[in-house]
Amino acid sequence: MLTILQKEFNAFLNSPVAYVVLGVFLIATGLFVWVFPDSSVLDYGYADLQTLFNLAPWIFLFLIPAITMRTFAEEKKAGTIELLLTRPLTDGQIIGGKYLACFILALLALIPTLLYYFSVYKLGNPEGNIDSAATVGSYLGLALLAAVFAAIGILASALTRDQIIAFLVAVVGCFLVYSGFDSLASVLEGGPAYYVSQLGIAAHYRDLSKGLIDSRDLVYFFSVVAVALQATRLALRSRNW
Amino acid sequence: MENTLNDAPLAAPVAASRKQRDLLYFAAILGFLLLINFVAQRFFFRIDMTEEKRYTMSPATKTLLRDLKQPVTITVYLTGDFPPAFRRLEQGVRETLTEFQVYGGANLNYIFIDPSAAGTEAARNQFYASLIKKGLKPTNLGATENGKRVEKIIFPWAVVSVGGQDKNVLLLRGNQAAAADVRLNQSIEGLEYELASTIRALVPGLRKRIGVIEGHGELSNAQAGDMLSTWQQQYDVYRVTLSKVPDLRALDAVVVAQPKSPYSEDDKFKLDQFITQGGKALFFVDALRVDLDSVSRNGVALATPYNLNLDDLFFKYGLRVNQNLLLDLNCGQIPLVTGMEGNKPKIEPMPWQLYPLINKFSPHPITRNLDAVYLKFVGNLDTVKAVGIRKTPLMTTSRYTRVLPAPVPINFNDARLEPNPKLYQKGFQPVAYLLEGQFPSLFANRARPGTLQFQPEKSPNGKPSKVLVISDGDFIRSEIDPKTGNPYRLGFDRLANTEFANRELVLNATDYLLDETGLISVRGKQITLRPLDKVKLAEQRRRWQLLNLGAPLALLGLFGAVRAWRRKRRYARFAA
């Protein structure tokens, strides 16, 4: 599994596409968090990074499918998937390796945003007047969100042999699971609306993004990851049916 | 691709069983995960990572919401395009309501409605009018946006509906004397209490009974009218004549509102027995009689001590209501004729030090984050020793206070004089005390008045109680609208055209005295204000923007370059 992980990881970072994708991610978050007056921390005037955590799901929606799109689709197209699958590796190891590689890459993209924390820390009145523990919690929430999006992205990639289609399916899939249920809930009323919205990621990410860790949200996130990865496995095995 | 039994009789069972096995396995995992999620809904924990535990609801709130039997709908009108400080308040409301939903579940629903969302000007104004008609008073907001002054109308209100009943909640509270963002922060701190207590008031439950004592010249139904109707939303309120009831056992609390004639020993006995057996009491008592009519007629009048025959009772409970009047430089105003304009008298509001404005409160749940309250002719309170009684001063006058012992000459002309600050050196005189504990009976080891029945030293079913004493009877007296004869809202000052927080304080106090769930303690919630350094922002804005935009990209570029270089070297070595 580690070999797969390493291979995927290096393959991504060696392609110039990676730098374009990560660069666009950093420019977009940078502009939203620091420049655009409607969302910037500077115009908000309070020492927290809520902007980043509210915004990140929307940027992840594009970033993560871009990372995951090639995982299976490319191998299928190049025919290397047969080679890979006939190796003495279980399906689980292959999927796990590729998944973890994508997940870690997404986390890597977040590392430069730690600079935002440093800046807000410095700009606080008095200096350092930021709720650090809450920020750590929010980052944890963001990491979990990345984990879910990566799993959905991997599934999308396993369903097709075209990277572009894998990307689009992943974006649409992530979007639907993220906010589709919320939209559906908004046309319903009362009790059902509450339960429907609970099916979506947004309802569970909301708490986590504030630094509030709820065991139900954790269980939900791990479940969605598990379902998506199991579905990926199903998609791979279906070739033998 | 599917094999049917007809096509490939030999291969089919194998292929089908593999597919079946995979699908079955997937279904089993799905089922297992659903089960886990289902169980997790029942048994869950929440870790609040924030420093001040801002998202942690109090046990009282949680119980209230878990025990909801019917749907509660909360409509919030505070949303739209706001300056940041108000966005923060809106955010606070959202956060509080999402937290509420965690415990209230499907029984708790909320919606946000932007009152300014209407497409046309006319439709918007019509909607505004419909909100105002519901009693939601808008706030005019002057804010600076991109260097321009903009005027905005906002409705800082939520409406809580339970079973067809509505109640409005004002979301913008706090001390008006504080800076705007401090005040908004105080509003955020108060959200949980305001919303939870409103829900509680609407959800049918056991209503507590309050008795308002009469028979000693206490405030009339009209004078105490606003407070009585405010109480009635949550409590059952009765007027009680002490001489006509054997005891007060049927009540949970009694209110003594500005008595003017003495309490008989028998009346006092009933009060004392009620309190020593756990009954709660609110006293609004004046030590000195001020006859304003006489002042207007004669130009001057003496404020002389009342004889209420309650002093020994208070003394036993650890308090002395002093026979003096406090003059405070931080005060309200009275209208005075300051001269003639043609043949019409010219009337101007003048500061009147005998009407102190109080904004010095203790951080107690009753008074925390309260706006200023209005007092009229108030004396100070002293504490004396009383075993087992905890005494909390709830509010004091300002630093610039003068104490005049009785008899005090009251003269309107004094308002024309510039006060001499040297005389106002007695600072911070307490005017409200909260007493808590097991109250000793005034009649212990004494016979019940009018009988030979001796009272035990310790009341047999004595329970701890709470008593609030405010040394100003006017505190819960509403001004009467001269046109309609109806009382104004308590704390409304016609001259200043503002409403002071008297009503809120009394309501908080009643909640504190009568509430066994401890919901009122939620008012102690604290949220740290974390502003950015405005000076630094103004000076170094560009620098921070550049840093945060540029540095991550530079880091990425560097990372890529190092990788490329290392790869090149590695493959170069291979080639060599």
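Quick notes on this one:
- Note on B:Leu495 and A:Leu55: the model spin-label points, each 7 Å out from Cα along the C-beta direction, lie 5.4 nm apart.
- Degrees, to the nearest 10: A:215-237 long Cα axis against longest axis of chain A: 20
- Selection of trypsin sites (Lys or Arg not before Pro), region B:473-576, meeting DSSP coil and at most 12 other Cβ within 10 Å: B:Lys483, B:Arg494
- Solvent-accessible area lost in complex, 20 Å² minimum, residues of region A:45-81 relative to chain alone, 1.4 Å: A:Gly45, A:Tyr46, A:Ala47
- Between A and B, buried accessible area from a 1.4 angstrom probe totals roughly 6000 Å², ignoring ligands, DNA and RNA.
- Using a Förster distance of 51 Å, the FRET efficiency for B:Asn168-B:Tyr571 (Cβ separation, nearest 0.05): 0.10
- Carbon and sulfur %, accessible surface of chain B computed with the full protein complex present, 1.4 Å: 55
- Listed by chain and number, the aspartates and glutamates placed with their C-alpha closer than 14 angstrom to that of B:Lys167 are B:Glu194; residues fewer than eight positions away on the same chain are left out.
- For q = 0.05, 0.09, 0.11 Å⁻¹, Debye-computed log10 I/I(0) when each Cα of the protein assembly as shown counts as one equal scatterer: -0.40, -0.98, -1.26
- Positive-end residue of A:Phe167, A:Pro88, A:Ser179, charge dipole of region A:81-186 with Cβ unit charges: A:Pro88
- Chain B: C-alpha gyration tensor shape, a/c 1.5 cut-off, then a/b vs b/c: prolate
- Equivalent ellipsoid semi-axes - Cα gyration tensor, chain A, angstrom: 33, 22, 15
- Between 0 and 90 degrees, the angle of helix A:163-175 with respect to the longest Cα principal axis of chain A falls at about 40 degrees.
- Probe 1.4 Å, protein heavy atoms only - accessible area per residue of chain B in square angstrom: 50
- Kyte-Doolittle mean at least 0.5 and Cα axial length at least 15 Å: DSSP H helices in chain B: B:12-42
- Charge context of B:Leu24, other residues only, Cβ under 15 angstrom, K/R +1, D/E -1: +4
- Within the accessible area of chain A (1.4 Å probe), percent carbon and sulfur: 70
- FRET E, pair B:Glu348, B:Ala564, Förster distance 56 Å, beta-carbon r, rounded to 0.05: 0.10
- Percentage, to the nearest whole number, of Cα pairs in region B:209-515 over 28 Å apart: 39
- Mean accessible surface per residue for region A:47-100, computed with a 1.4 Å probe while every protein chain stays in place, in Å²: 38
- Here the simple spin-label model places points 7 Å from the Cα toward Cβ, and for B:Ala222 and B:Asp266 these points are separated by 3.1 nm.
- Rounded tilt (10° steps) of A:2-14 against the dominant C-alpha axis of chain A: 70
- Nearest-0.05 FRET efficiency for A:Trp241 and B:Glu52, computed from C-beta distance (R0 45 Å): 0.20
- Legend: residue pairs B:Lys208/B:Lys280; B:Lys316/B:Lys426; B:Lys376/B:Lys466; B:Lys280/B:Lys463; B:Lys376/B:Lys426, Cα-Cα distance threshold 21 Å; pairs beyond threshold, B:Lys316/B:Lys426; B:Lys376/B:Lys466.
- Surface accessible to a 1.4 Å probe, A:Ile59 within the full protein complex, Å²: 20
- Buried on complex formation within region A:183-227 (loss of at least 40 square angstrom of accessible surface versus the isolated chain, 1.4 Å probe, ligands and nucleic acids ignored): A:Tyr194, A:Lys210, A:Leu212, A:Ile213, A:Ser215, A:Arg216, A:Val219, A:Ser223, A:Val227.
- Extending 7 Å from Cα along the Cβ direction at B:Gln540 and again at B:Val39 yields two label points whose distance is 5.2 nm.
- Those residues of region A:115-132 for which accessible area with every protein chain present is at least 20 Å² below the isolated value (1.4 Å probe): A:Leu115, A:Tyr116, A:Ser119, A:Lys122, A:Leu123, A:Asn125, A:Asn129, A:Asp131
- Global form of region B:349-492, assessed from the alpha-carbon gyration tensor, a/c cut-off 1.5: prolate
The values are calculated or read from the model by the stated rules, or taken from the named source; none is laboratory data. All values derive from a computational prediction rather than experimental measurement. Neighbour counts run over all protein chains shown; Cβ positions are idealised from the backbone, glycine included. All accessible areas refer to the heavy atoms of the entire protein, side chains included, with ligands and DNA or RNA removed. Shrake-Rupley method; radii C 1.70, N 1.55, O 1.52, S 1.80 Å.
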